[in-house]
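Asks: If you scroll down you'll find the structure; I have some questions about it.
The values are calculated or read from the model by the stated rules, or taken from the named source; none is laboratory data. Quick caveat: nothing in here was measured; it's all calculated off a predicted structure. We place every Cβ from the backbone using ideal geometry, glycine too, and count neighbours over all the protein chains shown. Each accessible area value is taken on the protein alone, full model and side chains, heavy atoms only, with ligands, DNA and RNA left out. Shrake-Rupley method; radii C 1.70, N 1.55, O 1.52, S 1.80 Å.
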Amino acid sequence: IKETERLSYIINSLMELIQTNVENSDFQNVRMDELLWEIKDELTDKTAENRIDIKYNLPFEPSKYTLPGNRQLLFIGISNILKNAIKFSDNKEVHCEIFCDTKGINILIRDKGIGIEQKDINKIFQPFFRSANALYYPGYGIGLSLTNNIVRLHNGIIEIKSRINKGTEFHIIFPNYK
(Lines give C-alpha, C1' and ligand atoms only; values in the text may rest on other atoms or scores of the structure.)
Protein backbone atom coordinates (compact mmCIF):
# COMPACT_ATOMS: atom_id res chain seq x y z
CA ILE A 1 0.00 0.00 0.00
CA LYS A 2 2.85 2.40 0.87
CA GLU A 3 4.55 1.76 -2.48
CA THR A 4 1.26 2.31 -4.32
CA GLU A 5 0.77 5.62 -2.51
CA ARG A 6 4.35 6.59 -3.34
CA LEU A 7 3.88 5.79 -7.04
CA SER A 8 0.56 7.64 -7.07
CA TYR A 9 2.27 10.71 -5.60
CA ILE A 10 5.04 10.57 -8.21
CA ILE A 11 2.57 10.16 -11.07
CA ASN A 12 0.42 13.05 -9.82
CA SER A 13 3.50 15.26 -9.47
CA LEU A 14 4.61 14.42 -13.00
CA MET A 15 1.12 15.19 -14.30
CA GLU A 16 1.31 18.60 -12.59
CA LEU A 17 4.69 19.12 -14.24
CA ILE A 18 3.14 18.41 -17.64
CA GLN A 19 0.33 20.88 -16.87
CA THR A 20 2.86 23.70 -16.75
CA ASN A 21 2.72 23.70 -20.53
CA VAL A 22 -0.68 25.46 -20.49
CA GLU A 23 -1.16 28.47 -22.71
CA ASN A 24 -1.29 32.05 -21.46
CA SER A 25 -4.86 32.24 -22.79
CA ASP A 26 -5.90 30.12 -19.78
CA PHE A 27 -4.79 32.93 -17.44
CA GLN A 28 -7.07 34.91 -15.14
CA ASN A 29 -6.30 37.74 -12.72
CA VAL A 30 -4.89 36.35 -9.44
CA ARG A 31 -4.51 38.53 -6.36
CA MET A 32 -1.28 37.26 -4.86
CA ASP A 33 -2.15 38.34 -1.29
CA GLU A 34 -5.30 36.19 -1.39
CA LEU A 35 -3.40 33.28 -2.92
CA LEU A 36 -0.80 33.35 -0.13
CA TRP A 37 -3.57 33.42 2.47
CA GLU A 38 -5.21 30.36 0.86
CA ILE A 39 -1.90 28.48 0.78
CA LYS A 40 -1.21 29.28 4.43
CA ASP A 41 -4.74 28.17 5.32
CA GLU A 42 -4.37 24.83 3.56
CA LEU A 43 -0.94 24.09 5.02
CA THR A 44 -2.08 25.08 8.52
CA ASP A 45 -5.17 22.84 8.20
CA LYS A 46 -3.02 19.80 7.42
CA THR A 47 -1.08 20.02 10.66
CA ALA A 48 -1.22 22.48 13.52
CA GLU A 49 2.59 22.34 13.81
CA ASN A 50 3.10 24.29 10.58
CA ARG A 51 3.77 27.91 11.46
CA ILE A 52 3.85 30.33 8.58
CA ASP A 53 4.16 34.05 9.31
CA ILE A 54 3.11 36.22 6.36
CA LYS A 55 3.82 39.95 6.18
CA TYR A 56 1.83 41.92 3.66
CA ASN A 57 3.72 45.10 2.70
CA LEU A 58 1.47 46.03 -0.18
CA PRO A 59 0.29 49.27 -1.75
CA PHE A 60 -3.33 50.35 -1.44
CA GLU A 61 -4.07 49.53 -5.09
CA PRO A 62 -4.75 45.74 -5.52
CA SER A 63 -3.98 45.89 -9.25
CA LYS A 64 -0.28 46.32 -8.34
CA TYR A 65 -0.21 42.81 -6.82
CA THR A 66 -2.65 41.13 -9.17
CA LEU A 67 -0.99 38.80 -11.64
CA PRO A 68 -2.40 37.36 -14.86
CA GLY A 69 -1.87 33.66 -14.29
CA ASN A 70 -3.10 30.16 -13.70
CA ARG A 71 -4.33 30.17 -10.08
CA GLN A 72 -4.02 26.41 -9.56
CA LEU A 73 -0.46 26.27 -10.87
CA LEU A 74 0.61 29.32 -8.84
CA PHE A 75 -0.90 27.69 -5.76
CA ILE A 76 1.09 24.49 -6.40
CA GLY A 77 4.35 26.33 -7.10
CA ILE A 78 4.35 28.63 -4.08
CA SER A 79 3.03 25.96 -1.72
CA ASN A 80 5.88 23.64 -2.81
CA ILE A 81 8.42 26.17 -1.56
CA LEU A 82 6.52 26.72 1.69
CA LYS A 83 6.16 22.96 2.27
CA ASN A 84 9.91 22.52 1.75
CA ALA A 85 10.66 25.40 4.11
CA ILE A 86 8.55 23.75 6.80
CA LYS A 87 9.94 20.28 6.15
CA PHE A 88 13.62 21.22 6.08
CA SER A 89 13.40 23.44 9.15
CA ASP A 90 11.74 20.78 11.32
CA ASN A 91 8.54 22.83 11.69
CA LYS A 92 10.25 26.01 12.92
CA GLU A 93 8.40 29.15 11.94
CA VAL A 94 8.71 30.06 8.27
CA HIS A 95 8.62 33.74 7.30
CA CYS A 96 6.94 34.88 4.13
CA GLU A 97 6.68 38.43 2.86
CA ILE A 98 4.91 39.87 -0.15
CA PHE A 99 5.70 43.34 -1.43
CA CYS A 100 5.82 45.34 -4.64
CA ASP A 101 8.73 47.35 -6.02
CA THR A 102 9.99 48.49 -9.41
CA LYS A 103 10.77 44.88 -10.39
CA GLY A 104 7.20 43.71 -9.75
CA ILE A 105 5.47 41.46 -7.24
CA ASN A 106 7.97 39.95 -4.80
CA ILE A 107 7.47 36.95 -2.53
CA LEU A 108 10.22 36.15 -0.02
CA ILE A 109 10.12 32.82 1.81
CA ARG A 110 12.72 32.34 4.58
CA ASP A 111 13.37 29.35 6.80
CA LYS A 112 15.93 28.46 9.45
CA GLY A 113 16.49 24.95 8.18
CA ILE A 114 19.30 22.74 6.95
CA GLY A 115 20.22 25.00 4.03
CA ILE A 116 21.47 24.13 0.56
CA GLU A 117 25.13 23.74 -0.34
CA GLN A 118 26.31 26.40 -2.81
CA LYS A 119 27.38 23.73 -5.30
CA ASP A 120 23.80 22.38 -5.35
CA ILE A 121 21.86 25.64 -5.75
CA ASN A 122 22.04 25.53 -9.56
CA LYS A 123 20.93 21.87 -9.57
CA ILE A 124 17.86 22.01 -7.29
CA PHE A 125 15.52 22.81 -10.18
CA GLN A 126 16.53 19.68 -12.09
CA PRO A 127 13.85 16.94 -11.93
CA PHE A 128 14.64 14.25 -9.32
CA PHE A 129 17.71 16.06 -7.96
CA ARG A 130 18.11 15.97 -4.18
CA SER A 131 20.95 17.53 -2.18
CA ALA A 132 23.01 15.15 -0.07
CA ASN A 133 21.80 16.79 3.16
CA ALA A 134 18.15 16.40 2.04
CA LEU A 135 18.26 12.64 1.45
CA TYR A 136 17.07 11.85 4.98
CA TYR A 137 13.87 13.85 4.47
CA PRO A 138 10.89 12.51 2.51
CA GLY A 139 10.60 13.65 -1.10
CA TYR A 140 11.34 12.76 -4.71
CA GLY A 141 13.00 15.85 -6.16
CA ILE A 142 10.03 16.87 -8.30
CA GLY A 143 8.58 19.86 -6.40
CA LEU A 144 11.19 22.53 -7.12
CA SER A 145 11.43 21.54 -10.79
CA LEU A 146 7.68 21.94 -11.01
CA THR A 147 7.80 25.26 -9.14
CA ASN A 148 10.51 26.63 -11.43
CA ASN A 149 8.44 25.75 -14.51
CA ILE A 150 5.36 27.43 -13.01
CA VAL A 151 7.25 30.62 -12.14
CA ARG A 152 8.86 30.77 -15.60
CA LEU A 153 5.44 30.21 -17.22
CA HIS A 154 4.37 33.42 -15.43
CA ASN A 155 7.53 35.26 -16.64
CA GLY A 156 8.92 35.21 -13.12
CA ILE A 157 12.30 34.34 -11.69
CA ILE A 158 13.48 32.66 -8.50
CA GLU A 159 16.59 33.81 -6.65
CA ILE A 160 18.02 31.71 -3.82
CA LYS A 161 20.30 32.51 -0.91
CA SER A 162 21.25 29.73 1.47
CA ARG A 163 23.70 28.84 4.21
CA ILE A 164 24.17 25.34 5.58
CA ASN A 165 22.45 24.91 8.98
CA LYS A 166 21.33 28.57 8.90
CA GLY A 167 18.47 28.47 6.43
CA THR A 168 17.33 29.33 2.94
CA GLU A 169 15.61 32.28 1.30
CA PHE A 170 13.60 31.91 -1.91
CA HIS A 171 12.85 35.21 -3.62
CA ILE A 172 10.19 34.94 -6.33
CA ILE A 173 9.75 37.97 -8.58
CA PHE A 174 6.84 38.33 -11.00
CA PRO A 175 7.26 41.30 -13.37
CA ASN A 176 4.97 44.33 -13.38
CA TYR A 177 2.25 44.20 -16.00
CA LYS A 178 0.99 47.75 -15.48
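Asks: Which FRET efficiency value, to the nearest 0.05, is calculated for ASP90 and ASN122 with the Förster distance at 25 angstrom and r the Cβ-Cβ distance?
Replies: After rounding, the FRET efficiency stands at 0.45.
Asks: Further question on the same structure: Tell me the accessible surface of ARG31 in square angstrom (1.4 angstrom probe, heavy atoms of protein chains only), to the nearest ten.
Replies: Accessible area of ARG31: about 70 Å².
Asks: Quick check on packing: order 140-150, 34-44, 165-175 by the mean number of other C-beta atoms within 10 Å, highest mean leading.
Replies: Ranking the peptides 140-150, 34-44, 165-175 by packing returns 140-150, 165-175, 34-44.
Asks: Enter the accessible area of HIS95 (Å², nearest 10), with the probe set to 1.4 Å and all protein chains included.
Replies: The accessible area of HIS95 comes to roughly 50 Å².
Asks: Compute the Rg to Rh ratio over segment 47-178 from the alpha carbon atoms, using the Kirkwood formula for Rh, and round to two decimal places.
Replies: Rounded to two decimals, Rg/Rh equals 0.96.
Asks: Give the calculated FRET efficiency between ARG163 and THR4 to the nearest 0.05, with a Förster radius of 35 Å applied to their Cβ-Cβ distance.
Replies: The calculated FRET efficiency here is 0.35.
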